[in-house]
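Written out below as structure tokens is the structure these notes cover.
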Amino acid sequence: MRNVTARIPVFQIAKMMGAISRWLDAHGVVPAVFRYDTREDEMLVVTIEFAKDDDAEAFSGAFCAAVTTRSANREKRRRAISASSSGRARPDQG
């Protein structure tokens, strides 16, 4: 999975969120995760996680956004949490 992060000035939020929605609909893409956060610098940071790398690359190109892959550390933490909730030993505990 790939994450795409776009920084949107607050005065363009409505316009850009509409454009993002239309792009997703036009390409038949349903994001795995869609989250946003406001920053003190008057920017909205939108992060979309795509199941397909091609969709992430296409979206990034359309919106001049940064593409990142899911980090190995994040995946390792996810597995450790899953293992601990199922009663199995965590990988770092032997």
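The values are calculated or read from the model by the stated rules, or taken from the named source; none is laboratory data. Because the structure is predicted, anything quoted here is derived from the model rather than measured. Cβ sites come from the backbone with ideal geometry, for glycine too, and all protein chains shown count toward neighbours.
Where the second residue is surrounded by 15 or more Cβ atoms within 10 Å (Cβ to Cβ) and in a strand (DSSP E or B) and the first is touching a residue at least 40 places away in the same chain (Cβ under 8 Å) and among the hydroxyl-bearing types (S, T, Y) and lies in the range 48-69, which pairs have Cβ atoms under 6 Å and are six or more apart or on separate chains?
S60/V4; S60/V67; T68/N3; T69/R2
Here is a list: F11, F50. Which entry is surrounded by 15 or more Cβ atoms within 10 Å (Cβ to Cβ) and at pLDDT 75 or above?
Answer to the selection: F50.
Any residue in the range 13-37 that's within 17 Å of A51 (Cα to Cα): show its pairings with residues that are of a type in the set (G, A, S) and outside any loop (DSSP other than H, G, I, E, B) at Cβ separation under 8 Å, as long as the two are six or more apart or on different chains.
I20/A6; W23/A62; H27/A58
Within the range 1-58, which strands (runs of 3 or more DSSP E) (wholly inside it) include 2 or more residues that are charged (D, E, K, R) and touching a strand residue (DSSP E or B) at 6+ places or on another chain (Cβ under 9 Å)?
2-9, 33-38
For A80, only one of the following conditions fails: (1) within 10 Å of the chain's Cα centre (by Cα); (2) modelled with pLDDT under 75; (3) farther than 16 Å from M1 by Cα. What is its number?
Every condition holds for A80 apart from (1).
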